[in-house]
Amino acid sequence: MNEKRSAFYTVLLLSAIILVFTFADLIRGDRVFSDMENKVLARKPDFSWESLMEGSYTGKYETYLTEQFVGRDKWIAVKTYMDIVLQKKEINGVYLGAGDYLIEQHLPEAYSSVQETKKLVMLDRLVREWDARVMMVPTADTILSDKMPFHAPYYDQEAFLERVRQQIGEEHYIDVYSVLSRHREEEIYYRTDHHWTTLGAYYGYLAWMGAVGETGEYYDAASMETVAEDFLGTLHSKVNFNTKADVIRYFPETARWPVTVTYDLRDTRDTCYEESYLETKNKYGFFLDDNHGFVDIQTECRNGKTLFVIKDSYANCFIPLLIPHYERIGVMDLRYFNGRLFRFMEEYRPEDGMDVLVMYNCIHFLEDFAYLE
């Protein structure tokens, strides 16, 4: 009888919990956007017998329930603290590294040689067609490997970068790996976000200067100014526990030089920075107004030189450093562009030609790089 009574109360308790959360979910309604995770949340999928039979409905509905679950952010935090108590070193795809670093996990088996080859063939075609230079930036797990948990697996980006160099040729390759490795003890990556910092981008800029033969002492790392001291980035969103916040800095000279910046061919401003993001979770959006399909930057450099950059978000804090070198800079993010890349570049290119730079972090390149000629 005691066992039956215990089972009855257990079922009753679980049923009550389910009813409470279901009722709370109905009252609250669906959320459109998560500030914590900086993404649009899944909406309830439309039901059809066809989608149910082919299995797509159940998958979408499971994602919907997961992302719309009441108190999701708090449950993520509870799970994280439980995992820490159990001495886990990886939580939700994030390594808990030394020095308060959260480092995104990139497992070796996730990136096959076939995938590498496919992307490199596409890159090589673009490089040959446009005489482009390539700056491929390694992520924190490669450069800060000494901060990773003991024996934690990670994708060998150093070996991949050597494949990039061999594929496109030394004259097209900009070696960022070496310069970042030399400065690995400095804050070149955010502790709570997957991006490199402005200091990391500055060292990338120096590598670019050396590769293209540019000269001029435009910046001093000691002159950077702080615009935010409470940045908790994308990796913090995945674990959601108390940790040291990041500081966002920039070079003030890049804000003083006159520019005309046009986003997506319609929205024009006079700066490469958008301060409103500093009041949000997505503070990295301060650089180049977050992500856009195309950004056109007109400067007062007046040297007749044009640059076209094909990039991911790592370039957002790097692009402003190029202002004193070009009269015009076009910035293309292929993730948000629907059209034929080569045709667009032909229309953008002036009669006397333009420089082309392909700039991605290694992981985003393998996952996202694709274009229609």
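Descriptive notes on the structure:
- Residue in segment 126-160 that is nearest to residue 97 (Cα to Cα), counting only those that are of a type in the set (Lys, Arg) and in contact (Cβ under 8 Å) with a residue 24 or more places away in the chain: 147
- Members of segment 240-249 found to be closer than 20 Å to residue 188 by Cβ and open to solvent by less than 30 Å² (accessible area, probe 1.4 Å), listed by number: 246, 248
- Each residue in segment 272-318 was checked for being assigned to a helix (DSSP H, G or I), within 17 Å of residue 204 (Cα to Cα) and in contact with a strand residue (DSSP E or B) (Cβ under 6 Å, 6 or more places away or on another chain), and 4 of them qualify.
- Scanning segment 85-111 for residues that are at pLDDT below 95, surrounded by 11 or more Cβ atoms within 10 Å (Cβ to Cβ) and assigned to a loop (DSSP other than H, G, I, E, B) yields 88, 89, 92, 93, 97.
- Lone qualifier among 126, 199, 180 - being open to solvent by less than 10 Å² (accessible area, probe 1.4 Å), within 21 Å of the chain's Cα centre (by Cα) and not aromatic (Phe, Trp, Tyr): 180
- Verdict on residue 333 being in contact (Cβ under 8 Å) with a residue 40 or more places away in the chain and open to solvent by 10 Å² or more (accessible area, probe 1.4 Å): no
- Failed item in (1) farther than 28 Å from residue 125 by Cβ; (2) over 18 Å from the mean Cα position of the chain (by Cα), with residue 297 passing the rest: (1)
- Matching entry among 141, 193 (being within 19 Å of the chain's Cα centre (by Cα), assigned to a loop (DSSP other than H, G, I, E, B) and of a type outside the set (Ser, Thr, Tyr)): 193
- Residues that are among the polar types (S, T, N, Q) and assigned to a strand (DSSP E or B), drawn from segment 257-271: 260, 262, 268
- Flag for residue 363 being farther than 17 Å from residue 132 by Cα, crowded, with 17+ Cβ neighbours inside 10 Å, out of contact with any Lys or Arg (no Cβ under 6 Å at 6 or more places or on another chain) and in contact (Cβ under 8 Å) with a residue 12 or more places away in the chain: yes
- Hits in segment 202-237 - residues which are open to solvent by less than 40 Å² (accessible area, probe 1.4 Å) and not in a helix (DSSP H, G or I): 216, 219, 224, 228, 231, 233
- Residue count, segment 336-348 (criterion: under 18 Å from residue 262 (Cα atoms) and surrounded by 16 or more Cβ atoms within 10 Å (Cβ to Cβ)): 3
The values are calculated or read from the model by the stated rules, or taken from the named source; none is laboratory data. Every value quoted in this text rests on a predicted model; they were computed, and no experiment measured them. All Cβ positions, glycine included, derive from the backbone under ideal geometry; neighbour counts span all protein chains shown. For accessibility, only protein heavy atoms count, side chains too; no ligands or nucleic acids. Shrake-Rupley method; radii C 1.70, N 1.55, O 1.52, S 1.80 Å.
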